[in-house]
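*Asks:* Right, I'll just put the structure down here and ask away after.
Derivation of every value follows stated rules applied to the coordinates shown; laboratory data play no part. Predicted model only: the values in this text are computed from it and were never measured. All Cβ positions, even for glycine, are placed from backbone atoms using ideal geometry, and neighbour counts span all protein chains on display.
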Amino acid sequence: MEMNQPVGKTPLDDKADGLVGRPIDRIDGRLKVMGRAPYAYETREVKNPAYGFIVGATIAAGTIRSIDTAAAVKAPGVIHVMTHENVPAQGEKKEQVWPQLTGTNVAFFDQPVAFVVAETFEQARAAAKLVKVAYDVRTPKASLRAALPQAIEPKKVQTDPDSKLGDFDGAFASAPVKLDVEYTTPTQIHAQMEPHATIASWEGDKVVLYTANQMLNRGQKSLASVLKLPVENVRLVSHYIGGGFGSKLQPMPEATLAALASKATGRPVKVALTRQQEFHVATHRTDTIQRIRLASDRDGKLTALSHESWSDTAQGDEFYETSANVTRSLYAAPNRITRHRLAKLDLPIASSMRAPGEAVGMLAFECAMDELAEQIGLDPIELRVRNEPTQDPEKQVPFTVRQLVPCMREGAKLFGWDRRKPAGTTHDGNWMVGMGMSAAARLNPLMPSSASVKLGADGYLTVRMAMTDIGTGTYTILAQIAGEMMGLPIERIRVEIGDTAYPAASGSGGSFGAGSAGSALYVACAALRDKLVAATDLHPDGVVFADGRVTSGNRSEALVDLAGADGVSAEGEIKPGALKEKYSHYSFGAHFAEVGVDRDTGEIRLRRMLGVFTGGRILNAKTARSQAIGGMTFGVGAALMEDAVIDERTATYVNHDLAEYHVPVHADIPAMDAVFLPEVDDKANPLKSKGLGELGICGAGAALANAVYNATGIRIRDYPLTLDKVL
Ligand code: MOS
């Protein structure tokens, strides 16, 4: 189905008490808590794998002068040592999959320079220490600020790096109220629980990778290209994934190395990144410098806005953080500029992390809005209401549904926003207390996806697609959609995902997973319904699928009887159509935070937090809330803790483990709640749902930063907000 038209009444609209939307527990939850859900590294399907260990460069910039593997090759249990001198031939870099060990150039610290394969993990790790590499070293460039003069206009990836409307300079110069501020955000690491891991195994000229990966079909294509294989010769399997947050959108170096080493040795090869390697070998979210200029009349109506963002990545890559993209769609203003610039540094490769663009863009922009409100003496919600656009201000097309104002109003009511006092005036013992808010907005894309369904002779429905579940609840919502469409209880649905042997699917990323894969499944179920009805003499109008039966008027058939001995199958497909361009597709919300700041130590503590969101039709109230709260928790980390500190002398992250790279723990998260306002988005997809996976992080940290200002009267513009910056 091509989404060219708004969707009329669908089977999902019929029952308010249907399976879809209910807060059903994860159907894979029991397996997971019992330790019976095999993650990539634990796969038992591959017999007798050898173990790989990556040797990383100990410099960030320079060339390998010599590499001596003699001692490693002779070490106990060692099967093979792979370097640039003996690595099998590879293709060019494809998307974010880079050929490995390609030469003597070192572009970032811990870049793989050798790969040791041994009988056991310990033997591989011990032998890795014996590989001797001599380098010619260059002084690395690792400071974004120092590189600003050399920053370039990045290549257009999905969107233009720049946008411009009206006459910003003129409007800014003549405005009665203006703000010109700079915010910075640090490098952030995904810090997902499950490290990147792969077991690669060849059969003839075909390779199977059991690998932790969010988007299997994209990964399959990229890997095939780098391994110089036809796409159908590469199979990716990823049944369970311990978090992704963008770090697994593409196969990382361990996957390519495992495939190459397995080919070279004829043995399956198993490898996981160490926690420390996660910081340098896998991708990260780059640091940014953002300049925001706002101009308004005295009533807070914006006349001009500008959002410029600088970010960096490794030499040879083009990824840039699209911090200002969301600003193009947030608030009305006739004169506007957004601009992105990119510096190439001797740092590891940057890529997408949860809500790439919006997450850090809104950390800056939503605080700048707070600053403007303060300057005018206007309530921050009222400022946003006054600049609510009637259509997307830059695309100049309508929004599908935009409930930002209702989210802010409802949140204000539920949070007790009317109790907020002027900055620096509220105390609770030694705590200075403040409230802050922020808008939330995140793109809602639809991605091509397909699915197959089969009603078996046993009365069970099997769903198959190369979709993934990164811990978000995909298994469960797919079962809910199929169950409701076919009128079967959830126990009668088998969801088989995580394998490129199944119909191609969107995978999990960009908040598009549930809507895209779920819609493909919806279309497949609709086709199966038609097939089943056609096999009866029931009149197709007004048929109802419920309780394992299809009924029309007073006549009814059991689905299990219609399945026959061989079962009945159907396929479905979804892809974006003209609606993609005719409307601006966003999910919206509003965050509210109350913080306490210790008067003596500057310690900042979140006291309570609320998010009010709209996500179209909610597919599972429990997993949706978990996504929202998880995103908000990420926002707390971004505001108060997360910071991969760069040692500019060595171009390394100093705090490259979870002991030193801080993310929120339970004790950091007191009362936090997320609620959803009723919504259906009939222009988004046939489910009428919108993306939620990344919405919760967007703006969340800004609500805390604005609360810190309200508590103390101190505006901190460099994230994270740590006590040294308060004092
Ligand atoms: Mo997301 S950063 O597309 O997993």
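*Asks:* Below 11 angstrom from the Cβ of V116, what's the summed charge of the other residues (Lys, Arg +1; Asp, Glu -1)?
*Replies:* Combined, the nearby Lys, Arg, Asp and Glu give +2.
*Asks:* For a 23 Å ceiling on Cα separation, which of these pairs sit above it: K164/K395; K178/K344; K344/K395; K132/K344; K32/K206? Mind showing how you got there, number by number?
*Replies:* Values: K164/K395 11 Å; K178/K344 33 Å; K344/K395 30 Å; K132/K344 29 Å; K32/K206 30 Å.
From K164/K395; K178/K344; K344/K395; K132/K344; K32/K206, over 23 Å: K178/K344; K344/K395; K132/K344; K32/K206.
*Asks:* What span do the alpha-carbon atoms of the chain cover on each of the three principal axes, reported in whole Å from largest to smallest?
*Replies:* Result for the chain: principal-axis Cα extents of 82, 74, 50 Å.
*Asks:* If you look at just the Cα atoms of the range 57-159, how large are its Rg and its Dmax in Å?
*Replies:* In order Rg, Dmax, the Cα atoms of the range 57-159 give 17.0, 52 Å.
*Asks:* Report ³J(HN,Hα) in whole Hz for each residue of the range 86-97, in order, from the Karplus equation J = 6.51 cos²θ - 1.76 cosθ + 1.60 where θ = phi - 60°; Gly and Pro get x.
*Replies:* Along the range 86-97, the couplings run 9, 5, x, 4, 9, x, 6, 3, 10, 6, 9, 9 Hz.
*Asks:* What is the local net charge at A711, summed over the other residues whose Cβ is closer than 12 Å to its Cβ (Lys, Arg +1; Asp, Glu -1)?
*Replies:* Every neighbour counted, the sum reads +2.
*Asks:* List the residues whose amide H sits under 5 Å from the amide H of A50, counting only those 5 or more places along or on another chain, with H placed 1.01 Å from N in the peptide plane.
*Replies:* V269, K270
*Asks:* Tell me, what ³J(HN,Hα) does each residue in the range 285-294 have, in order and in whole Hz, if you take phi through Karplus 6.51 cos²θ - 1.76 cosθ + 1.60 with θ = phi - 60° and put x for Gly and Pro?
*Replies:* Result, ordered by residue: 8, 5, 6, 9, 10, 10, 10, 10, 10, 10 Hz.
*Asks:* Give me V117, V106 ranked fewest to most by other Cβ atoms within 10 Å of their Cβ, as a rough exposure proxy.
*Replies:* V106, V117
*Asks:* Report, by chain and number, residues whose modeled amide H sits under 5 Å from the one on A75, excluding near sequence neighbours (fewer than 5 apart, same chain).
*Replies:* Result for A75 returns nothing.
*Asks:* Now for a different question. Where does the charge balance sit around L130 when Lys and Arg score +1, Asp and Glu -1, over other residues with C-beta under 15 Å from its C-beta? Numbers along the way, then the final one.
*Replies:* On the way: positive: K74, R125, K129, K132; negative: D68, E122.
That sum, taken over residues with Cβ under 15 Å, equals +2.
*Asks:* Excluding same-chain residues fewer than 8 positions from K47, which aspartates and glutamates have a Cα within less than 15 Å of its Cα?
*Replies:* E119, E203
*Asks:* Given +1 on the Cβ of Lys and Arg, -1 on the Cβ of Asp and Glu, and no further charges, what dipole in debye does the range 505-618 carry about its Cα centre, rounded to the nearest 20? Write down the numbers at each step before the final one.
*Replies:* Values: 12 positive and 14 negative charges, 91 e Å.
Approximately 440 debye in magnitude.
*Asks:* Whole-Hz Karplus ³J(HN,Hα) for the range 106-112, in order, using 6.51 cos²θ - 1.76 cosθ + 1.60 and θ = phi - 60°, x for Gly and Pro?
*Replies:* Along the range 106-112, the couplings run 10, 9, 7, 4, 6, 4, x Hz.
*Asks:* Here's a follow-up. Specify the inter-centroid distance of the range 174-237 and the range 47-87, based on alpha-carbon positions, in whole Å.
*Replies:* So the separation of the two Cα centres works out to 24 Å.
*Asks:* Over 29 Å between Cα atoms, which of K15/K531; K74/K228; K9/K301; K582/K622 qualify?
*Replies:* K74/K228; K9/K301; K582/K622
*Asks:* Report the charge-dipole magnitude of the range 683-727 in Debye, nearest 20, computed about the Cα centre from +1 at each Lys and Arg Cβ and -1 at each Asp and Glu Cβ. Walk me through the numbers on the way to the answer.
*Replies:* Values: 6 positive and 3 negative charges, 63 e Å.
In total the dipole reaches around 300 debye.
*Asks:* Rounded to the nearest 20 Debye, what is the dipole magnitude of the chain about its Cα centre when Lys and Arg each give +1 and Asp and Glu each give -1 at the C-beta? Provide the component values of the computation, followed by the final result.
*Replies:* Details: 79 positive and 85 negative charges, 87 e Å.
In total the dipole reaches around 420 debye.
*Asks:* Under the rule of at least 5 residues apart or a separate chain, name every residue whose amide H is placed under 5 Å from the amide H of V106.
*Replies:* Result for V106 returns G62, T63, I64.
*Asks:* What does DSSP give for the chain in terms of the percent of beta bridges that are antiparallel, rounded to the nearest 5? Let's see the in-between values first.
*Replies:* Details: 100 of 134 bridges.
That works out to approximately 75 percent antiparallel.
*Asks:* When the helix-only estimate is applied to the chain (DSSP H runs of n ≥ 4, each -39,500 (n - 2.57), divided by the residue count), what is the mean residue ellipticity at 222 nm, nearest 500 deg cm²/dmol? Present the calculation step by step, with values, prior to reporting the outcome.
*Replies:* Values: 20 runs with 185 residues, N = 727.
Helix-only estimate at 222 nm: -7500 deg cm²/dmol.
*Asks:* Between the range 414-487 and the range 271-300, what's the alpha-carbon centroid distance in Å?
*Replies:* 23
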